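Peer 1: Handing you this structure, nothing more for now.
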Amino acid sequence: MNDPILVINCGSSSIKYALVPVGADEPRLSGIVERLGGHDARLTARDQRGKELTLELPRANHASALKTIFETLGGQRPIAIGHRVVHGGERFTDATLLDDAVIRTVRQMINLAPLHNPANLDGITVARRLFTDLPQVAVFDTAFHQTLPDYAYRYAVPAEWYDKHAIRRYGFHGTSHAYIAERLANVSANGRGGWVIAHLGNGCSATAVHAGKSLDTSMGLTPLEGLVMGTRCGDVDPGLPHHLAQRFGWSMEHIERLFNQKSGLLGLSELSNDMRELEHAEAQGHQGAKLAIEVFCYRLAKSIASLSCALPSFDGVAFTGGIGENSATIRARTLAYLGNADLTLSTSANQQLPRGSEGRIDAGQGRELWVIPTDEEGRIAAETRRLLEDLKRRDEVSAKIIEDLS
Ligand code: ADP
C-alpha cells in the first residue's frame, strides 16, 4: 500500500492527472493533456524534481492520451487509479470501487450533470479498458454534501419533483471543502467547530461545515447556483430565463449557455473571467473590472453571513482556491462587508502571507480567519487509499472467518 495513487480528472477536452505518493507533503508528478481531439493537443507535466516535460499529441483522444500519461510516469507503477466524478446524486456518499454496476448508476446520473459526468465516464471507461489489473475508484464532488439536512437541500417547489426526479440541492467542490475542513481540524484549536469555507477558483462555492460535516453549501442542483464565478452568474431571479425567452425569443439552451459561459466576472466586466487580470485592470481605472470585483466580494460576503445560520457555533472563515489563496485584495474587500459578524482582518497578516501558503489572517480578537491552499488531488488519493485499505481489511476478516469455519 506504499505505492502511489494515480489521480485522474477527465474533462471533455482535457485530462488533469497527478501521481500522489503516501506522504501528503512529498513532491508529486503532475500534468495535463489539453485540447484533446485537436491538432494542437499537448501534454505538459512536471516530475517530482520539478523537471518539465512537453509532448505534442496531435489528434490524441482520451485513450491515446491516457496511454501516453502512463508512459510518462517513468516506470513508477501506481497501486490504483482515483477518478474525480462530478455528480454522485444521492446514491454515492463516499468513494466507491468502480465496477460495471457502479458505472451504470453513474451513467443514469448524466441528466443531473450533463456537462460533467459524460467526460468523467469516458475517462473511467478507457482507463478500465487499458489498466485491467488496477483497482479504480470514483471520488464524487457531491459526496461530502450528502450530510446536508433536508431543510437545506430541498427547494421550495412541488414535492413530487424531489420524490420522483431527485430535484434538490447537491453541492459541489466536495473534495476541496472536505480537505480544508480536515486541515482546519489540524491547525486550529476550534478546528472541529463551525466554519464557512470559501473555495474561490474559476468555479466558486462556500460551505458551512461543523464537526467535519457539510451542513449547507452555496451550489445546488447544478454548479451554477450561488456565488458569482469566472463565467457563471450564480444566483439570479428564477424569473429571469422566462423574461429573456419572452423578450428576445432565446431558447433555454442559449440562455443556459449565456449563464454558464458569458456571465459572472466576464459578463459584468466585459473584459475577463480572470481575477488577476481584473485586479490589474481596476488599478488602471477600468470601471467594468471595478464593478465585477465589488459584486463578487459583496455576494461572497452575503453568502458567508447566510451560511453561518447553518452552524451551531461560528468559529471562523477559511479561504481557498486560486483567488482565495492568492488575492489579499479579494479577502480584504469581502471581509470589509462582514464587520458585523465579528470577522476582523489583520491587514498586515493578510498582505504579508506569502502567495500559496497556509496562515491565519485575523486580528487576534473575534473569529478566526484562515488561508489554506487546497489539495483536491491529495484528497482523492487519500480517499482511494482509505477505501482500498478498508476492502483489504474486510477481505482478511472474511478469509479468517472461512478458515475458522473449515
Ligand atoms: P480552477 O477552478 O480552474 O482550479 P484556480 O483555483 O486555479 O481555478 O483559480 C483560478 C482563479 O484564480 C483565476 O481567476 C485567477 O485569476 C485567480 N488567481 C490566481 N492567482 C491570483 C492572484 N495572485 N491574484 C488574484 N487572483 C488570482
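FYI, it's all coordinate maths here, none of it is from the lab. These figures come from a predicted structure and were not determined experimentally. FYI the Cβ positions are ideal-geometry reconstructions off the backbone, even for glycines, and counts take in every protein chain you see.
Peer 1: Please list, in order along region 99-116, the HN-Hα scalar couplings obtained from phi with the Karplus expression 6.51 cos²θ - 1.76 cosθ + 1.60 (θ = phi - 60°), rounded to whole Hz, x for Gly and Pro.
Peer 2: Using θ = phi - 60°, the values come out as 9, 4, 5, 5, 4, 4, 5, 4, 4, 5, 8, 4, 5, 7, 9, x, 7, 10 Hz.
Peer 1: In addition: Using the scaling law 2.2 N^0.38 Å as the reference, what is the normalised Cα Rg of region 126-165?
Peer 2: Here the Cα radius of gyration is 1.93 times the empirical estimate.
Peer 1: Which FRET efficiency value, to the nearest 0.05, do you get for LEU291 and SER398 by plugging their Cβ-Cβ distance into 1/(1 + (r/R0)^6) with R0 = 56 Å?
Peer 2: The calculated FRET efficiency here is 0.35.
Peer 1: Another question, then. So how far apart, in nm, are the two label points at ARG192 and THR132 if each is 7 Å from Cα heading toward Cβ?
Peer 2: 4.7
Peer 1: Would you work out the Kirkwood radius for region 305-360? I mean one over the mean of 1/r across all pairs of different Cα atoms, in Å.
Peer 2: One over the average 1/r among Cα pairs gives 12.2 Å for region 305-360.
Peer 1: I would also like to ask the following. Which whole-number percent of Cα pairs in the chain have a distance greater than 39 Å?
Peer 2: Taking all Cα-Cα pairs of the chain, the fraction more than 39 Å apart is 20 percent.
Peer 1: In angstroms, what radius of gyration and Dmax does region 65-119 have, counting Cα atoms only?
Peer 2: Expressed in Å, the Cα Rg and Dmax of region 65-119 come to 13.8, 39.
Peer 1: Can you bin region 97-184 into rounded, prolate or oblate? Criterion: square roots of the alpha carbon gyration tensor eigenvalues sorted a ≥ b ≥ c, rounded for a/c under 1.5, prolate for a/b above b/c, oblate for the rest.
Peer 2: Oblate.
Peer 1: Once you keep just the Cα pairs under 8 angstrom separated by 6 or more residues, what percentage relative contact order results for region 1-121?
Peer 2: Averaging sequence separation for qualifying contacts and normalising by length gives 25 percent for region 1-121.
Peer 1: Can you tell me the equivalent ellipsoid semi-axes for region 281-384? Use √(5λ) from the Cα gyration tensor, largest first, whole Å.
Peer 2: 22, 19, 15
Peer 1: While we're on this one: If you take the beta carbon distance between GLU256 and GLU277 as r and set R0 to 22 Å, what does 1/(1 + (r/R0)^6) give as a FRET efficiency, to the nearest 0.05?
Peer 2: Plugging the Cβ-Cβ distance into 1/(1 + (r/R0)^6) gives 0.30.
Peer 1: Under unit Cβ charges (Lys, Arg +1; Asp, Glu -1), what dipole magnitude, rounded to 20 debye, does region 233-381 have relative to its Cα centre?
Peer 2: Value, rounded to 20: 300 debye.
Peer 1: Let me ask something else about it. So how tilted is helix 376-405 from the main axis of the chain? Cα-based, degrees 0 to 90, rounded to 10.
Peer 2: 40
Peer 1: To continue, here is another question. Take CYS309, CYS204 and order them by how many other Cβ atoms sit within 10 Å, fewest up front.
Peer 2: CYS309, CYS204
Peer 1: Per residue, how big is the convex hull around the C-alpha atoms of region 20-179? Give it to me in cubic angstrom, could you?
Peer 2: 131
Peer 1: For region 152-227, what Kirkwood radius comes out of the mean inverse Cα-Cα distance, in Å?
Peer 2: By the Kirkwood definition, the hydrodynamic radius is 13.2 Å.
Peer 1: Please report, for the Cα atoms of region 244-330, the Rg to one decimal and the Dmax as a whole number; what are they, in angstrom?
Peer 2: 16.2, 48
Peer 1: How many percent of DSSP beta bridges within the chain run antiparallel, rounded to 5?
Peer 2: 65
Peer 1: Once Rh for region 346-406 is found with the Kirkwood sum over Cα pairs, what is the Stokes-Einstein diffusion coefficient at 4 °C and 1.567 mPa s, in µm²/s?
Peer 2: Once the numbers are plugged in, D ends up at 83 µm²/s.
Peer 1: Once both axes come from the Cα atoms, what is the angle between helix 252-261 and the longest principal axis of the chain, in degrees from 0 to 90, rounded to 10?
Peer 2: For 252-261 against the chain, the angle is about 90 degrees.
Peer 1: Let me ask another. Under a straight-distance cross-link criterion of Cα-Cα below 24 Å, which lysines are reachable from LYS164, leaving out those fewer than 8 residues away in the same chain?
Peer 2: Within reach: none.
Peer 1: Here is a follow-up. Largest first and in whole Å, what are the equivalent-ellipsoid semi-axes of region 277-320 based on the Cα gyration tensor, each being the root of 5 times an eigenvalue?
Peer 2: Semi-axis lengths for region 277-320 are 30, 10, 5 Å.
Peer 1: Fewest to most neighbouring Cβ within 10 Å: what's the order for ARG299, ARG247?
Peer 2: ARG247, ARG299
Peer 1: Starting from the Cα of LYS392, draw a straight line to each of the lysines and keep only those under 19 Å, dropping any in the same chain fewer than 8 residues away.
Peer 2: LYS392 reaches LYS400.
Peer 1: Among MET109, MET252, which comes first, second and so on when ranked by fewest other beta-carbon atoms within 10 Å?
Peer 2: MET252, MET109
Peer 1: Evaluate the Kirkwood expression for the hydrodynamic radius of region 1-73, namely the inverse of the mean inverse distance over all pairs of different C-alpha atoms, and round to one decimal in Å.
Peer 2: 12.5
Peer 1: Using the alpha-carbon atoms, what tilt in degrees (0 to 90, nearest 10) does helix 174-187 show relative to the longest principal axis of the chain?
Peer 2: Rounded to the nearest ten degrees, it is 80.
Peer 1: Please report Rg (one decimal) and Dmax (integer) in Å for the Cα set of region 151-192.
Peer 2: Rg and Dmax of region 151-192, Cα atoms, are 15.8, 44 Å.
Peer 1: Beyond 17 Å, what percent of the Cα pairs of region 153-287 remain?
Peer 2: Considering region 153-287, 68 percent of its Cα-Cα pairs are separated by more than 17 Å.
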